[in-house]
1. What tally of residues in segment 81-102 results from selecting those that are farther than 17 Å from residue 20 by Cβ, among the hydrophobic types (A, V, I, L, M, F, W, C) and touching a residue at least 40 places away in the same chain (Cβ under 8 Å)?
2. With 146, 157, 182 as the choices, which residue is aliphatic (A, V, I, L, M) and part of a helix (DSSP H, G or I)?
3. Quick one: is residue 58 among the basic types (Lys, Arg), crowded, with 19+ Cβ neighbours inside 10 Å and within 21 Å of residue 34 (Cβ to Cβ)?
4. If the requirement is being touching a Gly at 6+ places or on another chain (Cβ under 6 Å) and of a type in the set (A, V, I, L, M), which of these qualifies: 182, 129, 146?
5. Can you find a residue that is hydroxyl-bearing (Ser, Thr, Tyr), farther than 23 Å from residue 156 by Cβ, modelled with pLDDT under 95 and in contact with a Gly (Cβ under 9 Å, 6 or more places away or on another chain) anywhere in segment 31-43?
6. Mind checking which residues of segment 111-133 are touching a residue at least 24 places away in the same chain (Cβ under 8 Å), open to solvent by 40 Å² or more (accessible area, probe 1.4 Å) and part of a helix (DSSP H, G or I)?
7. Here is a list: 98, 165, 91. Which entry is open to solvent by less than 60 Å² (accessible area, probe 1.4 Å) and in a helix (DSSP H, G or I)?
Amino acid sequence: MTIAADDAFDPTTPRPWRRFFAKIVDFSIYSIMILFAIFLLAIGVALAGIEYDYDYPRWVEHVILTPLIIVLCCIVDAVFLGLVGTTPARALFRIHVAPNGPGELTVASAMRRNLKLAALGLGLGLPIVSLVMQIVSYRALVDNGVTPWDRQENLSVTYGETSEARLAGQIVAVLLAFAFNVLLNLA
């Protein structure tokens, strides 16, 4: 099959849904890592003989725990970006974040970017605020070709082409991430 010149792949064209699904997959992976660390901490607390009541009101989860998990996920994400140059889902989805100038993306720059993303793009996961911020961020990316946090950090995001096999892997990863989130909310 031949692709016409007008249909040629442009690696700089914004792909908000690809970014969204990659973020869901990455944050699901990081959440598993964080929950495992919390589980190990709970075992340590139990072995130390410290009693703790894990029962808390539901609002605490939405107002305190969700923003905390999002910030922790952003920190893990920044470490991956700064040290490895990508994240598991960005590699799968062929998304590359890099400085517009010379040099590599540092952990510090990735951390600044991700903390801005947590606040401006995800609204720290706070009910209603998060939905509004995601819609505003989507519009900014589609209209301007760049998100506010990438512009402020002078970063560019490019995309690689996706083969059918890679697309199948992306679909499986997204379905597993959604399944994990459903199970987590049922627990």
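1. Qualifying residue count, segment 81-102: 1.
2. Every option except 182 fails the conditions.
3. no
4. Of the residues listed, the single one that is touching a Gly at 6+ places or on another chain (Cβ under 6 Å) and of a type in the set (A, V, I, L, M) is 129.
5. No, segment 31-43 contains no residue that is hydroxyl-bearing (Ser, Thr, Tyr), farther than 23 Å from residue 156 by Cβ, modelled with pLDDT under 95 and in contact with a Gly (Cβ under 9 Å, 6 or more places away or on another chain).
6. 111, 112, 115, 116, 120, 124
7. 91
This table checks each residue for (1) part of a helix (DSSP H, G or I); (2) closer than 21 Å to residue 114 by Cα; (3) not β-branched (Val, Ile, Thr).
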{"position": "25", "(1), (2), (3)": "yes, yes, no"}
{"position": "31", "(1), (2), (3)": "yes, yes, yes"}
{"position": "34", "(1), (2), (3)": "yes, yes, no"}
{"position": "41", "(1), (2), (3)": "yes, no, yes"}
{"position": "50", "(1), (2), (3)": "no, no, no"}
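The values are calculated or read from the model by the stated rules, or taken from the named source; none is laboratory data. Not measured: the values here are computed from a predicted model. Neighbour counts are summed over all protein chains in view; Cβ atoms, including those assigned to glycine, are modelled from backbone coordinates with ideal geometry. These accessible areas exclude ligands, DNA and RNA; they are computed on the full protein's heavy atoms, side chains included. Shrake-Rupley method; radii C 1.70, N 1.55, O 1.52, S 1.80 Å.
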